[in-house]
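What follows is one structure encoded as structure tokens, with my remarks underneath.
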Amino acid sequence: MSFGDIAPDVKCVSEFYNISGPELSGGVKNSYSYRLMLLREGECRIDIGGKSYRLSTGDLIYFPPGEDYRTDFRDDESSVINVFFDWRHIRPDDPMLTNVAYAERYDTAFAGEIVRFADAPRLNFVQKISGFSDGAVILGDMLREYNAKRRFSALRLSALLTELFVRLERHVSAPSAQGRSPADLVLDYINAHCEEKLSGEQLSRVFSYHPNYINRLVTRATGSTLHRYILETKIRRACYLLSHTQQSVTDIAGRLGFYDSSHFTNVFVSICSITPSKYRENYK
């Protein structure tokens with residue numbers, strides 16, 4: 001199968017907090033469909049495919065159906081997002097594909113379709129992915145979309161998962177920094193330092209480029225001006241903080257380098273069409 005032919009069928013998106021008990025930590029299990037797991041908070045070890053992987057906050061792990069795995073969550077405050085999916089709409093209404101089973105009860109007859117990609121071979125095997133910040137953002141959007149059950153949710157979930165894997169393929173196959181384009185380096189820096197005060201002048205000192213040149217790089221790469229892209233990046237971080245921490249709007253505004261909470265709210269509304277407080281309320 002070619003990666004360009006995918007049309008993911010998202011079976012279930014779920015989140016678990018304060019993980020304990022045999023269902024989430026304990027015996028050897030198997031998933032009936034493809035699985036994507038994001039560790040939102042805490043630490044975890046997962047033994048799968050004969051290897052042991054240690055996950056920290058923000059790490060993703062991906063694995064096909066039928067793989068024996070065992071999870072060991074080291075922190076009672078851990079939080080994970082799970083996505084169960086097939087690469088194609090083969091059995092769209094089969095509830096078994098949202099399940100896991102202990103290894104001794106696993107029935108391969110109910111497993112989803114195993115796909116082999118010729119042009120994306122990494123996706124044929126278990127993958128642990130670190131340093132992929134887009135993953136947390138997209139999976140958070142998927143969780144909200146799945147829980148909202150709005151019109152055309154299935155279509156949007158498929159689109160979001162497709163976008164995630166496109167970005168993921170680019171992330172894991174990206175060349176070293178030495179061979180990367182100036183635009184990629186600037187955008188990576190902005191994403192990594194979005195809680196700092198950023199400007200064309202500050203970035204020019206980091207990269208030894210003229211501010212106007214940096215602005216052109218960002219505009220060509222993203223379609224947004226440098227100033228707008230910085231604000232959009234800060235607001236993406238703000239959405240995460242609003243939905244995953246108890247920090248006040250004022251504290252988040254200060255943390256992200258806004259003048260005050262009013263300035264932060266005005267920018268947030270201009271990008272999200274909703275106030276920060278309303279965004280937090282809707283998420284809950």
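Read-outs: derived from the displayed coordinates by stated rules, not from any lab. Keep in mind that what you see is a predicted model, and the values were worked out from it rather than measured. Positions of Cβ are generated from backbone atoms using ideal geometry, with glycine treated the same way; all protein chains shown enter the neighbour counts.
In a fully extended conformation the segment linking Glu15 and Thr275 would gain 91.1 nm over its present Cα-Cα distance, using 0.36 nm per residue. How many lysine pairs does the chain hold where the Cα atoms are under 30 Å apart and the two sit 8 or more places apart or on different chains? Total qualifying Lys-Lys pairs in the chain comes to 21. Over all pairs of different C-alpha atoms in the range 177-283, the reciprocal of the mean inverse distance, the Kirkwood hydrodynamic radius, equals 14.5 Å.
For a Förster distance of 22 Å, can you work out the FRET efficiency between the beta-carbons of Ser224 and Ser262, rounded to the nearest 0.05? In this case the efficiency is close to 0.45. Could you work out the local net charge near Gly257, counting Lys and Arg as +1, Asp and Glu as -1, over the other residues with Cβ closer than 10 Å to its Cβ? For residues surrounding Gly257, the net value is +1. With the simple model of a label 7 Å out from the Cα in the direction of the Cβ, Asp107 to Ile90 spans 1.7 nm.
Stretching the chain fully between Arg151 and Val206 yields a gain of 15.2 nm (0.36 nm per residue, less the alpha carbon separation).
Sequence-distant contacts, meaning Cα pairs under 8 Å at least 6 residues apart, place the relative contact order of the range 177-283 at 22 percent.
Quick check on the range 108-210: what are the equivalent-ellipsoid semi-axes from the Cα gyration tensor, as sqrt(5λ), descending, whole Å? Provide the component values of the computation, followed by the final result.
Working: eigenvalues 228, 83, 21 Å².
Taking √(5λ) for each eigenvalue gives 34, 20, 10 Å, largest first.
Out of Pro121, Pro64, Pro182, any idea which swings most in a Gaussian network model of the chain, alpha carbons joined below 10 Å? With Cα springs under 10 Å in the chain, the top fluctuation among Pro121, Pro64, Pro182 is at Pro121.
How long is the gain from Asp68 to Glu163 if the chain were fully straight, where each residue apart is worth 0.36 nm and the alpha carbon distance is subtracted? Please report the intermediate quantities before stating the final value.
Numbers: separation 95, 0.36 × 95 = 34.20 nm, distance 2.77 nm.
Result for the pair: 31.4 nm of gain on full extension.
Determine the sum of side-chain charges near Tyr146: Lys and Arg each +1, Asp and Glu each -1, restricted to other residues whose C-beta is under 11 angstrom from that of Tyr146. Charge balance in the 11 Å sphere: +2. Look at the alpha carbon pairs under 8 Å that are at least 6 residues apart: their mean separation over the length of the chain gives a relative contact order of 17 percent.
Taking amide hydrogens as placed 1.01 Å from N in the peptide plane, the amide H of Lys11 sits under 5 Å from those of Phe84, Phe85, Asp86, each at least 5 positions away in sequence or on another chain.
Which translational diffusion coefficient, to the nearest whole µm²/s, is obtained for the range 209-252 from the Stokes-Einstein equation, given a Kirkwood hydrodynamic radius over C-alpha pairs, 20 °C and 1.002 mPa s? The estimated diffusion coefficient comes to 182 µm²/s. Here the scattering of the chain is modelled by Debye summation over its C-alpha atoms, one equal scatterer each and no solvent; at q = 0.08, 0.10, 0.14 Å⁻¹ the log10 of I(q)/I(0) is -0.39, -0.61, -1.13.
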